[in-house]
Structures are given as structure tokens and as C-alpha cells.
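First comes the structure, then the notes that go with it.
The values are calculated or read from the model by the stated rules, or taken from the named source; none is laboratory data. Here the structure is a predicted model, which means the values were calculated and not measured. FYI the Cβ positions are ideal-geometry reconstructions off the backbone, even for glycines, and counts take in every protein chain you see.
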């Protein structure tokens, strides 16, 4: 083989090696993210299990990172308020099983479901959203006499949120919010609408700031008002 041919072969081999390393690195990064997500899910479930073991008839707020980052009151009308938020959660996250396993047969005074933002961001269709949400409500129905569904907050063009993506996602959020009252009624739940949010109301286009949480948390507490009035 000529020196020129040998050099070309070496360059080609080096290029393939670099490509292979890149693919392996990307794969390793993906599996690390998956591992971190699963680890967080398991850790949150264990903490919830410990919390439920000392909380009789808690009020549970089940949701995504917006819920997990909230600073809800520790108790309401004699019931412990338990934050069951899980970063990244959506209607396909099997939150019903996740929560039921943590409850271990205990009943809740009330469960507020606050989901939908990640479904909209991930481009889920209204039909899939409705089917998944309905299944979740049916699963939760056996754990409480007071089930509530919270409206989905709007997102903004802030931080790294492009205007076109925000507009497209808001179309899905509006469609999901339009479907929630009927979903709640069918699932034996009440619907707690979110009033219009102030501008701005997020820190990055999605996650709420102090003004956004003031509105969001007030709606959550109104969603469990029936629990308090029945005791």
C-alpha cells in the first residue's frame, strides 16, 4: 500500500473512532439522565411513603416540577398538606401507581391533580391527554372522597422560550384546559380553574415566580375547600 493510501486509511479510521466515541458519549449521557430521573422518582416515592406513615388523611397535591417547587402550607383545616410533585411528570408518568405504592393502602382527605404542562411541551395530542388523564383520575378515585383537577398555567416568552414554540404550546394548553372540566366531571372530581396570571409570572417561561405561585397556590387551596367544609 502507498504512503498516501495508508494516510487516507488512518484518517478514515480516526474519523470513525471519533464518531464512535461521540455516539458512545451521547448514549452514556442519555442513560445518565435516565438514571438520574429514575433515581429521583424512587427517592421522592420513599420520602412520600415516610411522610404518609405519619400523616392521617393528608391533602395531597400531585403534579410536576411546578408542584414540587411550590411552598404549600404544611397543613390545612387539620390535615397535613403533602407535596407530591415530581419533576418532569406528565400524564404518561404512571403517577397513579407511584402514589398508590407510597400510600400503601392509606386514604387521603383530598387529592389535587396539577398536570399538563409537560404534556403540552412534549406535543401530546388532546386525545392522548384526555385518555391518560382520565385513566389517572379513575386510579386515584379509590384513594380519596375528594378529588380535584387544577387548570394548567400559561407559559411565557421568557428565558430560552422561543415565541413560536410558546405559541404552539399555548394552543395545546388551551385545548387541554378546555377539556379538563368535562374530564373532572367524568372522573368524579371537581375542577379548579386558574385565573389569568400576571405578566410576568414565570422565571424561565415555564416555572412560576413568586407572583405566579401566589395565583397557583390560591387555586390549589380553593380546590380542596370542599374537604375543609365537610369536616
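Could you name every one of the helices (runs of 4 or more DSSP H) located completely within segment 49-158 that has at least 3 residues being surrounded by fewer than 19 Cβ atoms within 10 Å (Cβ to Cβ)?
Values: elements: 65-68, 95-103, 117-121, 126-140.
Of the helices (runs of 4 or more DSSP H) lying wholly inside segment 49-158, those with at least 3 residues that are surrounded by fewer than 19 Cβ atoms within 10 Å (Cβ to Cβ) span 95-103, 126-140.
Can you find a residue that is at pLDDT 95 or above and closer than 25 Å to residue 100 by Cα anywhere in segment 219-230?
Applying the first criterion (at pLDDT 95 or above) to segment 219-230 yields 219-220.
The next check asks that each one be closer than 25 Å to residue 100 by Cα; those that pass are 219-220.
Looking for residues that are at pLDDT 95 or above and closer than 25 Å to residue 100 by Cα, one finds at least one in segment 219-230, hence yes.
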Is it the case, given these coordinates, that residue 105 is in the same structural domain as residue 210 (by TED's automatic domain parsing) and modelled with pLDDT of 95 or more? yes
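Each row is one residue, and each column tells you yes or no for (1) free of Cβ contacts under 8 Å to residues at least 40 places away in the same chain; (2) touching a strand residue (DSSP E or B) at 6+ places or on another chain (Cβ under 6 Å).
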site	(1), (2)
64	no, no
72	no, yes
105	yes, no
109	no, yes
115	no, yes
119	no, no
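For residue 86, are the conditions met, namely being at pLDDT 95 or above, touching a helix residue (DSSP H, G or I) at 6+ places or on another chain (Cβ under 8 Å) and under 22 Å from residue 226 (Cα atoms)?
Details: at pLDDT 95 or above: yes; touching a helix residue (DSSP H, G or I) at 6+ places or on another chain (Cβ under 8 Å): yes; under 22 Å from residue 226 (Cα atoms): no.
It is false that residue 86 is at pLDDT 95 or above, touching a helix residue (DSSP H, G or I) at 6+ places or on another chain (Cβ under 8 Å) and under 22 Å from residue 226 (Cα atoms).
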Hits in segment 164-195 - residues which are without any contact (Cβ under 8 Å) to a residue 12 or more places away in the chain and over 21 Å from residue 124 (Cβ atoms): 185
At pLDDT 95 or above and in contact with a helix residue (DSSP H, G or I) (Cβ under 8 Å, 6 or more places away or on another chain) - does that describe any residue in segment 160-168? no
